[in-house]
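Student: My structure is below; once you've seen it, I'll send some questions.
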Amino acid sequence: MAEGFNTANPPFDRLNHAEVEVLRASIDIGYFAPGETIIAQGAASAHLHVVIKGAVEARHAGALTSVLRAQDSFDPRALVHGSAGEDFVAAEETLCHLIPRATVVELIGRNPAFAAFFYAEVSRKLDALSGGRRPDGFDMVLRARVGEARRGAAVFIDGTETIEAAGHRMRDGNINALFVRDGTRIGVVTGMNLSKAVVLRRLPLETEIRKVTHFDVVSVEAHEFLFEAVLLMTRHDKRRLAVRQDGAFVGFLEDIDILGLFAGNPQLIPGRIDRARDVDELAEPAHDIAAQVERLHRQGIRVEAIAEITSDLNRRLFARLYDLLAPPAVREGGCLLLMGSEGRGEQTLRTDQDNALLLASPVPPDELTAFREAFSGALDRFGFPPCPGGVMVRNPVWSQPLEGFTKQLHAWVLDRSPEAAMNIAIFWDAVAVAGRRELLIRARAALLETMRGEGALLAQFAQLTESFAAPQIGLLGTFMVSVGLGSDAIDIKRAGIFPIVHGVRALVIERGLVAESTQARIAALEQEGALEAPFARELVSALRVFMELRLRAQLEAQHRGAAREDGSIRLGQLSTADRDLLRDALRVVRQFREVVRTRFGLKAF
């Protein structure tokens, strides 16, 4: 009966050969007529069902939540925990592989990765599955291309120039190697070559640079793999290789550049940010921050760690840009804020700019206007998309003295429109990255004071969690949703991330709790007794699922050249394990919406 059973389909792909044989020996096949209840909600099941052909509807309290097709499995809760979370009904004539409970229990005991599929808690399932599929960072780095590594610039000098001129050129360019043109040949001279020439050989500073240049250049092509570059370095005892592309030298690859890739290069970026002397020099590390997101993800780094690393680097970048561009009046009396996912430390790939400027007192209008445009314009050039809602330093509403901004906050509170509530939500996520941080503390305290005791206002604020309808996972490759980008796509931010982020935000504002990230806010709510510990863990894990799926979708869209597509996912492109995680995560969102509705009495709205 095991003929045609696909053991490459998750979670069966986690079984070894002996375990697969145990599985195959026990499989049977069952037929179910249209309308037949295969497993009733609350009932136990004697088998794990794997659809061969046909369709099975999953219904919760009569409402359709998903439609399972070929290779989808159901229901681990009914099998292992003895109580199905939904009704499973044949939508048409359906055949299923039937795996006895005893076999499944045996395999669970033998294989922790396989067992993860049957955990009821998203947190345990996610930890086990993510740990089982993490690639090796060393292997992934060596299979990157030379062109993906950060490399030194290609700076050329004529061979008739002096040692002294070469030293100045290296200092001015903040580099340690130059390409030397001497007629038809090209060589390389390094800072160490200059030092040895002057100190050990006692050559005059006026000596022509070609006399201390090496013309036996060892080079690597930009399209070659890094492991080939490592082999060349080892073979020729070199710490630096010249990089060629389309027949021309385009820079240098050093051993430290390869080392940097093992952590996506983040540890090397801060120094380049701090050394930038103008906006043009800051552009390089700005682009490196964006590029390292994919490298970190490819190395198997968890999405929340990627977000934390990226946010830390972006904050450093914004602070340096502020130092470079702010006139004295703004620098001395201002406070630069990052908001939204950047403020929460949860952004990976760049989305819209969300930033603001608070001032202790008015500054000369001409200086402020020039700074607004220079700052936002630089971010435009760095690849940070302008915010469609205008939440940017460029917008006078979001860059003004504290007195005026607190009045603006008060006006938003009185407005009580969805747009005003969203502006309050955006500001609540603010973090100060440069300047006078006490200005943010005072502004947030003013907002809390205005909202204190305003139950109806907080309810309207929390109502934003209902802005987007909860999705239902439908036919394979299809999401039956009222939000998203088409019949087979869903905006994971609206369906999963926003309800958690904003619901948690409403709960912490109600209690006056100040915490930066959503995870930290959930921990604070748990400590306050507002959330039970097991459910708090589930919320954090569900958020991780959504962030991971969104990042994958964004990277895939970026590869297609659709960089502005904001992380829509398609069910048909997900593995069975990922679809199972997504279903569980969406179930957590539904439960959390009920928590928020009950706490703020949203059913009355």
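The values are calculated or read from the model by the stated rules, or taken from the named source; none is laboratory data. Values in this document were obtained by computation on a predicted structure and should not be read as measured data. Don't worry about glycine lacking a Cβ; one is built from the backbone with ideal geometry, like all the others, and counts go over all protein chains shown. Keep in mind that these areas ignore ligands, DNA and RNA; they rest on the heavy atoms of the full protein, side chains included. Shrake-Rupley method; radii C 1.70, N 1.55, O 1.52, S 1.80 Å.
Student: Order M192, M422, M547, most accessible first, counting only protein heavy atoms with a 1.4 angstrom probe. Please list the in-between numbers first.
Tutor: Numbers: M192 115, M422 65, M547 25 Å².
The ranking, largest first, comes out as M192, M422, M547.
Student: For V250 and R59 in the same chain, what is the full-extension length gain: residue separation times 0.36 nm, less their Cα-Cα distance, in nm?
Tutor: 62.8 nm
Student: Work out how much length S219 to D280 would gain on full extension: take 0.36 nm times their residue separation and subtract the Cα-Cα distance, in nm to one decimal.
Tutor: Full extension of this stretch gives 19.1 nm more.
Student: Around R244, with a cut-off of 11 angstrom between Cβ atoms, what is the net charge of the other residues, counting Lys and Arg +1 and Asp and Glu -1?
Tutor: On the way: positive: none; negative: E221, E224, D246.
Summing Lys/Arg as +1 and Asp/Glu as -1 gives -3.
Student: Taking the alpha-carbon centroid of each part, what is the distance from segment 397-421 to segment 521-538 in angstrom?
Tutor: After rounding, the separation between the Cα centres reads 30 Å.
Student: A follow-up question, please. Let me have the relative contact order for the chain, percent, based on Cα pairs under 8 Å that are six or more residues apart. Can you show the working numbers first?
Tutor: Values: 1006 pairs, mean separation 63.7, N = 605.
Relative CO of the chain lands at 11 percent.
Student: I need the calculated FRET efficiency for the pair V397 and E92, taking r as the beta carbon distance and R₀ as 56 Å, to the nearest 0.05. Kindly include the intermediate steps, with their values, before the conclusion.
Tutor: On the way: r = 56 Å, r/R0 = 1.00.
Working from the Cβ atoms, E equals 0.50.
Student: Another question, then. In Å², what does the accessible area per residue of the chain work out to with a 1.4 Å probe?
Tutor: Here the residues of the chain average 43 Å² of exposed surface.
Student: Using 0.36 nm per residue, how much length does the chain from D323 to T7 gain when fully extended, once their Cα-Cα distance is taken away?
Tutor: Full-extension gain reported as 108.0 nm.
Student: Alpha carbon centre of segment 80-121 versus segment 318-377: separation in Å?
Tutor: About 53 Å separates the Cα centre of segment 80-121 from the one of segment 318-377.
Student: Please work out the FRET efficiency for the pair A40 and R381, using the Cβ-Cβ distance as r and a Förster radius of 51 Å; give the result to the nearest 0.05.
Tutor: After rounding to 0.05, the efficiency reads 0.25.
Student: Continuing with the same structure: Can you give the angle from 0 to 90° between the axis of helix 418-428 and the longest principal axis of the chain, with both taken from C-alpha atoms, to the nearest 10?
Tutor: Once rounded, the angle reads 60 degrees.
Student: Counting only C-alpha contacts under 8 Å and six or more residues apart, can you give the relative contact order of segment 274-363 as a whole percent?
Tutor: Values: 76 pairs, mean separation 27.8, N = 90.
Worked out over segment 274-363, it gives 31 percent.
Student: Now for a separate question. What FRET efficiency do you get for V199 and R235 if R0 is 25 Å and r is their Cβ-Cβ distance, rounded to the nearest 0.05?
Tutor: Between V199 and R235 the formula returns 0.30.
Student: Suppose a student asked you for the relative contact order of segment 1-124, using Cα pairs under 8 Å spaced at least 6 residues apart; what percent would you report? Don't jump to the answer; show the numbers that get you there.
Tutor: Numbers: 250 pairs, mean separation 40.1, N = 124.
Relative CO of segment 1-124 lands at 32 percent.
Student: Continuing with this model, one more query. Heavy atoms only, probe 1.4 Å: what % of the accessible area of the chain goes to carbon and sulfur, would you let me know?
Tutor: The nonpolar share, carbon plus sulfur, comes to 52 percent.
Student: How much of the DSSP bridge set in segment 144-237 is antiparallel, in percent, rounded to the nearest 5?
Tutor: About 75 percent, rounded to the nearest 5.
Student: Compute the distance from the alpha-carbon center of segment 193-251 to that of segment 6-57, in whole Å.
Tutor: 61
Student: Any chance you could give the angle, 0 to 90 degrees and rounded to 10, that helix 533-559 forms with the longest Cα principal axis of the chain?
Tutor: The angle comes out at about 60 degrees.
Student: Select one label from (1) 28.6; (2) 33.4; (3) 35.2: the one whose number is mean projected area of the Cα convex hull in nm² as derived from the coordinates shown.
Tutor: The calculated read-out lines up with (2).
Student: I've got another one for you. Between D312 and V22, with labels modelled 7 Å along Cα→Cβ, what's the label distance in nm to one decimal, could you check?
Tutor: Reported label-point gap for D312 and V22 is 4.2 nm.
Student: Next question, about the same structure. Once you put a point 7 Å from the Cα of L513 and another 7 Å from the Cα of E419, both along the Cβ direction, what distance in nm separates them?
Tutor: In this crude spin-label approximation the distance works out to 3.2 nm.
Student: Helix 279-298 versus the longest principal axis of the chain: what angle, 0 to 90°, nearest 10, using Cα atoms?
Tutor: Approximately 40 degrees, to the nearest 10.
Student: A further question on this structure: Using only DSSP helix segments of four residues or longer, with each worth -39500 (n - 2.57), what per-residue ellipticity at 222 nm results for the chain after dividing by its residue count and rounding to 500? Let's see the in-between values first.
Tutor: Values: 23 runs with 278 residues, N = 605.
It comes out at -14500 deg cm²/dmol, rounded to the nearest 500.
Student: Related question: Among the GluC sites (Glu not before Pro) in segment 503-573, which ones are in a DSSP loop with at most 12 other Cβ atoms within 10 Å of the Cβ? Mind listing them? Show your work: numbers first, answer last.
Tutor: On the way: sites: E510, E516, E526, E528, E532, E538, E548, E556, E565; in loops: E516, E532, E565.
Of the GluC sites (Glu not before Pro), the ones in loops of segment 503-573 whose Cβ has at most 12 other Cβ atoms within 10 Å are E532.
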